[in-house]
Amino acid sequence: MTVSIPHTPLLEARSVSFFRRDEAVFAPLDFDVHPGQLTLVEGDNGSGKTTLLRVLAGLLHVGAGELRWRGAPLRRSECAGEILFLGHQLGLKADLSPHENLRIAVGLHGQRAGTSIGSALIEVGLSGYESEPTRRLSAGQKKRAALARLLLLPATLWLLDEPYANLDRAGIALVNHVLKWHTDSGGAALVSSHGTTNFAGDTVRRIHLHE
Amino acid sequence: MGRPRLIPACGAMLRRDLTVAWRRRSDIAMPVLYALIVTMLFPFALGPEDTLLQRIAGGIVLVTLLLAMLLTLDAMFSSDIEDGSLEQLVLSPQPLELLLGMKILAHWITTALPLIVITPLLAAMLHLPTAVIPVLLLALLLATPLISLFGAVLVALTAGTRRSGMLLALMLLPLCVPAVIFAAGAVAAAQQGLPWLAPISWLAAALVLAVVLAPLACAAALRIALDA
């Protein structure tokens with residue numbers, strides 16, 4: 001399946017920065033995110049990777065500069081549901097099973113056409129753990145349950161904060177596979193990592209953050 | 001790839017909180033046990049004198065239930081903030097106000113409803129006349145959601161701060177007072193054979209106002225708490 005990159009980028013950042021106590025967390029950034037494109041956000045610990053992703057997700061306000069969504073100034077009411085954020089806290093209720101957690105996510109965000117909770121759980125390697133309370137899963141399995149949410153929800157832009165953390169080799173391959181599947185079907189993703197990831201994308205763009 | 005409709009989303013939210021509460025049943029039982037113990041201790045402390053207990057029964061039950069509700073209040077948003085669920089709620093394509101309204105409703109169902117169910121028992125232990133119990137229940141049905149809603153706003157406001165329990169108690173006190181005054185006023189009036197509709201109407205009016213405004217305030221406060 002070939003995807004022609006449309007002219008207007010999905011997300012444009014124009015000298016975007018964020019301030020904490022009047023100090024810029026990262027230098028003003030300019031970048032475009034096109035459909036079908038993977039972007040890697042790199043930087044040391046504390047360089048502002050998580051902050052950048054939270055700004056893009058809309059959890060933090062933009063300190064200075066402008067964000068544009070599909071060519072128009074970004075308004076949260078318009079792109080809500082199109083942007084999916086996966087942070088350090090995975091947003092899974094510990095008392096509910098992965099299946100129940102995913103059903104709630106689907107209830108709130110909607111479901112990607114042609115996917116089902118069962119098949120998503122199988123794809124991330126959690127078959128057999130569907131009805132186990134999430135608190136009993138290992139850190140890596142919790143991460144996999146959160147990755148299943150990426151497969152299920154109909155979002156165009158993924159903002160993944162350290163998706164490789166806690167994952168074994170097969171898990172890292174799974175993240176890369178899921179990212180490839182998403183970009184091949186016209187989605188885009190921003191992925192943060194502190195440098196040492198086996199990133200398996202061919203059209204990877206990089207954003208470097210410095211202190 | 002349609003965006004889900006509002007009603008199923010609210011249903012999913014409500015079912016989520018009720019399921020989580022059911023998995024932690026002992027947390028639900030705690031306020032009920034607290035209310036039972038406190039009400040049982042009053043006759044021991046004051047003596048089993050019918051007339052005295054009858055006179056103060058309404059007030060004791062009201063205050064005990066409202067305090068019992070506060071036990072679970074500060075946990076309303078804390079687990080959602082800790083495990084990142086709140087971020088997902090904020091980012092979901094649904095109005096946050098309505099989702100939080102569902103959370104508050106779930107809090108009321110899991111905390112206040114069991115208390116209201118045992119109220120006739122508590123009232124009977126204190127010799128409250130049977131004829132007054134329906135008025136007491138009506139007053140509680142209006143006053144407890146009011147406390148849930150007020151409490152939710154304050155919990156949301158203090159969500160960003162560490163050890164907010166003390167602050168929460170101090171801020172909630174003045175908001176509880178009118179609810180207690182009107183609810184107790186209705187019960188006292190009913191006990192004396194006077195019309196009790198006026199204080200009940202005041203409670204109902206306050207509840208209508210709070211149902212509309214409290215979720216809006218909650219959503220704004222939690223957005224600010226996350227944006228830091």
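When Cβ neighbours within 10 Å are restricted to other protein chains, what is their mean count per residue of peptide B:5-12?
3
Could you give the angle, 0 to 90 degrees to the nearest 10, between helix B:165-191's Cα long axis and the longest principal axis of the Cα atoms of chain B?
In chain B, helix B:165-191 runs at an angle near 40 degrees to the longest axis.
Say each of residue A:77 and residue B:166 gets a label point 7 Å from the Cα, pointing the same way as Cα to Cβ; how far apart are those two points in nm?
It works out to 4.2 nm between the two label points.
Can you say what percent of the DSSP beta bridges in the range A:11-208, counting only those with both residues inside, are antiparallel? Round to 5.
In the range A:11-208, DSSP labels about 40 percent of beta bridges as antiparallel.
Once both labels are modelled 7 Å past Cα along the beta-carbon direction, what's the residue B:28-residue A:138 spacing in nm?
3.5
Which is farthest toward the positive dipole end of chain A among A:39, A:189, A:171, measuring Cα position about the Cα centre, with Cβ charges +1 (Lys, Arg) and -1 (Asp, Glu)?
Going by the Cα projections, it comes out as A:171.
In whole Hz, what ³J(HN,Hα) sequence does the range A:87-96 give by Karplus (6.51, -1.76, 1.60; θ = phi - 60°), x for Gly and Pro?
The phi angles translate into x, 5, 8, 7, x, 9, 7, 5, 7, 9 Hz.
Of the candidates B:77, B:150, B:44, which one comes out as most mobile in a Gaussian network treatment of chain B with C-alpha springs shorter than 10 Å?
B:44
Based on DSSP H assignment, which helices of chain A show an axial Cα extent of at least 15 Å together with a mean Kyte-Doolittle hydropathy greater than or equal to -0.5?
A:98-109, A:139-152, A:169-184
Where a ≥ b ≥ c are the square roots of the eigenvalues of the C-alpha gyration tensor, would you call the range A:1-121 rounded, which needs a/c under 1.5, or, failing that, prolate if a/b is larger than b/c, or oblate?
Oblate shape, in that a/c is at least 1.5 and b/c is the bigger or equal ratio.
Would chain B count as rounded, prolate or oblate if I go by the C-alpha gyration tensor, calling it rounded below 1.5 in a/c and otherwise prolate when a/b exceeds b/c, oblate otherwise?
On the way: a/c = 2.14, a/b = 1.90, b/c = 1.12.
Cα axes put chain B in the prolate bin.
Decide, for the protein assembly as shown, between rounded, prolate and oblate: order the square roots of the alpha carbon gyration tensor eigenvalues as a ≥ b ≥ c, take rounded if a/c falls under 1.5, and otherwise choose prolate if a/b is larger than b/c, else oblate.
Prolate.
Counting only residues 5 or more places away or on other chains, whose amide H sits under 5 Å from the amide H of residue A:25 once H atoms are built in the peptide plane?
A:18, A:19, A:20
Normalising by the residue count of the range B:28-172, find the relative contact order in percent from Cα pairs under 8 Å and 6+ residues apart.
Values: 106 pairs, mean separation 51.7, N = 145.
36 percent.
Within 10 Å of each Cβ of A:86-94, how many other protein chain Cβ atoms are there on average?
5
Provide the FRET efficiency to the nearest 0.05 for the residue B:181-residue A:168 pair, computing r from the beta carbons and using R0 = 60 Å.
Details: r = 61 Å, r/R0 = 1.02.
Approximately 0.45, to the nearest 0.05.
For a quick check, take a GNM of chain B with Cα springs below 10 Å and name the residue from B:209, B:14, B:62 with the largest mean-square fluctuation.
Of B:209, B:14, B:62, the Gaussian network model singles out B:209 as fluctuating most.
For the range B:196-213, in order, what is each residue's ³J(HN,Hα) by Karplus, 6.51 cos²θ - 1.76 cosθ + 1.60 with θ = phi - 60°, in whole Hz (x at glycine and Pro)?
Calculated HN-Hα couplings, in order: 10, 6, 4, x, 4, 4, 4, 4, 4, 4, 4, 5, 4, 4, 5, 4, 6, 8 Hz.
Compute the acute angle (0 to 90°) between the alpha-carbon long axis of helix B:113-125 and the principal axis of greatest extent of the alpha-carbon atoms of chain B; round to the nearest 10°.
For helix B:113-125, the angle is close to 10 degrees.
Take residue B:15 and residue A:131, extend 7 Å from each Cα along the Cα→Cβ direction, and tell me the distance between the two endpoints in nm.
1.6
Rounded to the nearest 5, what % of the DSSP beta bridges within the protein assembly as shown are antiparallel ones?
Roughly 40 percent of the beta bridges in the protein assembly as shown run antiparallel, per DSSP.
Give the Cα extents of chain A along the principal axes, in whole Å, largest first.
Computed over chain A, the largest-to-smallest principal extents equal 47, 37, 33 Å.
Suppose R0 equals 30 Å; then what is the FRET efficiency for residue B:121 and residue A:94 from their Cβ-Cβ distance, rounded to the nearest 0.05? Spell out each step's value before the answer.
On the way: r = 34 Å, r/R0 = 1.13.
In this case the efficiency is close to 0.35.
Let me have the relative contact order for the range A:57-196, percent, based on Cα pairs under 8 Å that are six or more residues apart.
On the way: 177 pairs, mean separation 38.0, N = 140.
Value for the range A:57-196: 27 percent.
Can you show me the helix-derived [θ] at 222 nm for chain B, built from DSSP H runs with n ≥ 4 at -39,500 (n - 2.57) apiece and divided by the number of residues, rounded to the nearest 500.
-27500 deg cm²/dmol
Can you pull the mean other chain C-beta count within 10 Å for peptide B:91-103?
4
What is the distance in Å between the Cα centres of the range B:185-203 and the range A:88-141?
51
With 10 angstrom as the radius, rank A:34, B:127 by how many other C-beta atoms surround their C-beta, starting from the fewest.
Ordered from fewest to most neighbouring Cβ atoms within 10 Å, A:34, B:127 come out as B:127, A:34.
With n ≥ 4 as the cut-off for DSSP H runs, can you work out [θ] at 222 nm for chain A, using -39500 (n - 2.57) per run divided by the number of residues, rounded to the nearest 500?
Result for chain A, helices only: -8500 deg cm²/dmol.
Please find, in a Gaussian network model of chain A (springs between Cα atoms separated by less than 10 Å), the residue of A:108, A:40, A:74 whose mean-square fluctuation is greatest.
Answer for the Gaussian network model of chain A: A:108.
Read the figures in this text as sums done on the coordinates, not as results from a lab. Computed from a predicted model, the values in this text were never measured in an experiment. Please note: Cβ atoms are built from the backbone with ideal geometry, for glycine as well, and neighbour counts cover all protein chains shown.
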